[in-house]
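A.B. asks: Would you mind keeping the following structure in view while I ask a few things?
Read-outs: derived from the displayed coordinates by stated rules, not from any lab. These figures come from a predicted structure and were not determined experimentally. Neighbour counts run over all protein chains shown; Cβ positions are idealised from the backbone, glycine included.
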Amino acid sequence: MALYSEKVMDHFKNPRNVGVIEDANGVGEVGNAKCGDIMKIYLKIENGIIEDVKFETFGCGSAIASSSMATELIKGKPLSEALELTNKAVAEALDGLPAYKMHCSVLAEEAIKRAILDYYKREGIPYDEETFREVECCHGE
Amino acid sequence: MQVYLDNAATTKMSRTAIDAMFPYFDEYYGNPSSLHSMGQRAKEVLEEARVCVASCLGAVPDEILFTSGGSEADNQAIRSAATIGARKGKKHILTTAFEHHAVLHTLKKLEKEGFEVTYLSVGRVGNVTPEQVAEAIREDTCLVTMMTANNEIGSILPIAEIGAVCRERKVLFHTDAVQAVGHIPMNVQEMQIDMLSLSAHKFHGPKGVGVLYARKGIALTNLIEGGAQERGKRAGTENLAGIVGLAAALKEATDHLSENAEKVAALRDKLIQGLSGIPHSILNGDRVRRLPGNVHFCFEGIEGESLLLLLDEYGIEASSGSACTSGSLDPSHVLLAIGHPHEIAHGSLRLSLSEYTTEEEIDFALEVIPKVVERLRNMSPIWRDKMNGIKPFLI
């Protein structure tokens, strides 16, 4: 299908980092079933580094590919770098997404931010509210 | 293995139709409006096709208007009835909530022009009753337009009974029979249909050609102005090869209708039975009054587009009412009309068969689909939540 780039199809067919981290210390879920997209990111963070990351996604091909790519891009990276990941970077790494699918990459960015925010809250680590302004509200059912 | 199960979208052309068309691209390329021999031969062929189509539908040749397809026929039928109605001050139209967009969008436009439209509810099964129609017809109703069979979920409406109600109440009755013609018996006289739309490529004919049947005496409104083709009701040089292909395909489909329907329905039932074994799945549409080639399911916890893409990887070509394939976030209006919540409507799969579908293909589909559904469920957070009792199952 020419709808998606080869890279999107590769990440969709062979998604990296699918699953659950049972002892995750940061979990973020965004999207809702009504819109047809839910993305959930599990992080295992040690010493400020993302030691492991897994995802679960209910959604279309580009949502699954975006989650897969986003997890690849942050695995092994320090939190500061993961927080800088933009949806554009996810889409570019996938060799582009159709315009009406860009929201899938936005979900991936937001899911990661939410998971990191969850980690900060669990650990009682102070954080810059401005960084998380967009993911603090307005999501879920 | 390549398994084409999207015959409701379009069909493979029959060899008969291709062979019938070929001379009209090549040897006999005349314009039916020309006076010379080449033109007059084209004119004869055009009229022979009209006679053929009329006899397949139980109409007379003068009632057959060739169009560019089903959408044009729907547009013209509705526009014509609206024009007739407006002249008498009747500006109410009755339809169903799950019509094709060719009908719904034309009606939306008429609403903006001051018409009032009633959309009959189609219930959980996805059908309407003649009683519903009888109750909803008003003094100022100028048109009842209801599809013969639904393109997504395959329900067949009680068209003859609705036709009888409309005839008795003296209201024009149009039916979009695009999914039905060539697959189930259609006779405009017996079913008391005033106008009917059909499209050739749904029954192994070519794309880009269709028919509007309009009972004698119904004044049609032109959508395309120009030359005097089609009794002055549809300008533009006739798509002769396409029209010949349409007629050949329709005759072939009509001649073999019951044997094809029986064969296809048997495969359909095997597919339905097999897929019903997938937990938390539901067959959509009327189980009994159903197109012979339609199978339509919703699977909880997954999304339709990813299902289609994975099936395509296995060589299975199917369809979905999924929003994601159409670029909108709203799922199919048909699935919402039968009462599914958005979440369930997103997880839909339509498999549509034809007489070219084989039992091996159905067996292959039955082997692959449950695996693919399971694979997607295993990566779905909503499925996990349901399995862990955090969220309720909806089906």
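A.B. asks: Which Cα, out of B:His346, B:Gln40, B:Gly182, lies furthest along the positive dipole direction of the protein assembly as shown (beta carbon charges, K/R +1, D/E -1)?
C.D. replies: Of the listed residues, the answer is B:Gln40.
A.B. asks: What percent antiparallel are the DSSP beta bridges of the protein assembly as shown, to the nearest 5?
C.D. replies: Taking every DSSP beta bridge within the protein assembly as shown, about 65 percent pair in antiparallel fashion.
A.B. asks: Using label points projected 7 Å from each Cα along Cα→Cβ, tell me how many nm separate B:Glu111 and B:Ile390, to one decimal.
C.D. replies: 3.9
A.B. asks: Let me ask something additional. Within the set A:Lys34/B:Lys207; A:Lys13/A:Lys34; A:Lys7/B:Lys202, which residue pairs have Cα atoms separated by over 29 Å?
C.D. replies: A:Lys34/B:Lys207; A:Lys7/B:Lys202
A.B. asks: If you take the square roots of the eigenvalues of the alpha-carbon gyration tensor of chain B and sort them as a ≥ b ≥ c, do you get rounded (a/c under 1.5), prolate (a/b over b/c) or oblate?
C.D. replies: Oblate.
A.B. asks: Then there is this: Projected onto the charge dipole of region B:257-387 (+1 at Lys/Arg Cβ, -1 at Asp/Glu Cβ, origin at the Cα centre), which of B:Leu283, B:Gly315, B:Tyr356 gives the Cα projection farthest towards the positive end?
C.D. replies: Of the listed residues, the answer is B:Leu283.
A.B. asks: Please arrange A:Leu85, A:Leu107 by how many other C-beta atoms lie within 10 Å of their C-beta, fewest to most.
C.D. replies: A:Leu85, A:Leu107
A.B. asks: May I ask you to derive the FRET efficiency for B:Arg138 and B:Glu374 from their Cβ-Cβ distance with R0 = 35 Å, giving the value to the nearest 0.05?
C.D. replies: 0.10
A.B. asks: What FRET efficiency comes out for B:Thr118 versus A:Glu129 if R0 is 45 angstrom and r is the Cβ-Cβ distance? Round to the nearest 0.05.
C.D. replies: Efficiency for this residue pair is about 0.30.
A.B. asks: Now for a different question. Just flag the GluC sites (Glu not before Pro) in region B:1-86 sitting in loop per DSSP whose Cβ has no more than 10 other Cβ atoms within 10 Å.
C.D. replies: B:Glu27
A.B. asks: Along the Cα→Cβ direction, 7 angstrom out, place labels at A:Glu51 and B:Ala9. What is the inter-label distance in nm?
C.D. replies: The two pseudo-label positions are separated by 4.7 nm.
A.B. asks: Structure shown: which of A:Lys101/B:Lys108; A:Lys77/A:Lys101; B:Lys91/B:Lys170; A:Lys113/B:Lys391; B:Lys263/B:Lys371; A:Lys54/A:Lys75 lie over 19 Å apart, alpha-carbon to alpha-carbon?
C.D. replies: Violating the 19 Å limit, Cα to Cα: A:Lys101/B:Lys108; A:Lys77/A:Lys101; A:Lys113/B:Lys391; B:Lys263/B:Lys371.
A.B. asks: Here's another thing I want to ask about it. About its Cα centre, how strong a charge dipole does chain B have in debye, to the nearest 20, once Lys and Arg get +1 and Asp and Glu get -1 at the Cβ?
C.D. replies: About 1020 debye.
A.B. asks: Pick out, in residue order, every one of the trypsin sites (Lys or Arg not before Pro) in region B:213-269 that is DSSP loop and has at most 14 other C-beta atoms within 10 Å; say none if there are none.
C.D. replies: In loop regions of region B:213-269 (DSSP not H, G, I, E or B), the sparsely surrounded trypsin sites (Lys or Arg not before Pro) are B:Lys216.
A.B. asks: GluC sites (Glu not before Pro), restricted to region B:185-271: which are DSSP loop and have at most 15 other Cβ atoms within 10 Å?
C.D. replies: Filter output for region B:185-271: B:Glu190, B:Glu225.
A.B. asks: Which length gain, in nm to one decimal place, applies between A:Lys77 and A:Leu3 when the Cα-Cα distance is subtracted from 0.36 nm times their residue separation?
C.D. replies: Stretched fully, the A:Lys77-A:Leu3 segment lengthens by 23.5 nm.
A.B. asks: Something else about it: Return the FRET efficiency for the residue pair B:His101, A:Lys121: r is the Cβ-Cβ distance, R0 is 35 Å, and the value is rounded to the nearest 0.05.
C.D. replies: The value I calculate is 0.15.
A.B. asks: If you count the DSSP beta bridges with both ends in chain B, what percent of them are antiparallel, to the nearest 5?
C.D. replies: So the antiparallel bridges in chain B amount to around 55 percent.
A.B. asks: Using +1 at the Cβ of each Lys and Arg and -1 at the Cβ of each Asp and Glu in region B:15-255, identify which of B:Gly30, B:Leu246, B:Ile137 lies farthest towards the dipole's positive end.
C.D. replies: It is B:Ile137.
A.B. asks: Give me Rg/Rg_expected for region A:1-123, where Rg uses Cα atoms only and Rg_expected = 2.2 N^0.38 Å with N residues.
C.D. replies: Cα-based Rg divided by the globular estimate yields 0.97.
A.B. asks: Continuing with this model, one more query. Name the helices (complete DSSP H segments) of chain B with a Cα length along the long axis of 18 Å or more and a Kyte-Doolittle mean of at least -0.5, or state none.
C.D. replies: The answer, listed by residue number, is B:37-57, B:70-87, B:240-255, B:257-275, B:359-378.
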